1. Beyond 24 Å, what share of the Cα-Cα pairs of segment 1-94 is found? Please give it as a whole percent.
2. Which net charge results for the neighbourhood of L155, defined as the other residues with beta-carbon distances under 15 angstrom from its beta-carbon, given Lys and Arg at +1 and Asp and Glu at -1?
3. So what's the net charge close to A61: Lys and Arg +1, Asp and Glu -1, counting the other residues with Cβ under 9 Å from its Cβ?
4. Can you give the net charge of the other residues whose Cβ lies under 12 Å from the Cβ of G71, counting K and R as +1 and D and E as -1?
Amino acid sequence: MKERDLEESSDEELIKLIAAGDAGALRVLYDRHVGWLVIRLAHRCSDREIVDEVVQDTFLAVWRGAGRFRGDGPAAAWIWGIGVRRLVERFRRRPLPRWRREGSETEPSAEELVLLGIEHGDLAKAIDRLSPELRAVLRATVLDGLTTREAAGLLGIPAGTVKSRMVRVRRELREALT
């Protein structure tokens, strides 16, 4: 397909072409989405090198996994889901902070303490007690930073359902943590 025709294609059409091996479609999709993806990932990670690696990993995953795109929601939400999972994976692979190594005198940062609380503390236990539907909404909106509309698209549910589930999440977490 010609570059001009590709630029007029919807994201969903581009993903179908990518699944068929069209590198030009990937280039157009990349150009269309790379800007906002970099900005959103940079809000979660201040290391530009890591952000750039995650962006490249994300579009490599789009290339390899385009055939798995179901089209249940916006392509941007699908791309964001891939990107944020790649960022989380990147942080899980990095070495332990110095303060967690044996014999270190370095104190943890506030961010590291919050992340530990989410993964291992009372908050983690409270989140684990939520129903899978509520956990999915919580992860999409709070941990992944998606808007209500993006979360709705990613999860395949109406935006109103995302909002009502977040009300339930807040109530249940407040009860569990007080």
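Only the coordinates and a few stated rules stand behind these numbers; no lab work does. All of these numbers come straight from a predicted model, not from anything done at the bench. Using ideal geometry, Cβ is built from the backbone for each residue, glycine included, and neighbour counts are taken over all protein chains shown.
1. Roughly 20 percent, rounded to a whole number.
2. +4
3. +2
4. -1
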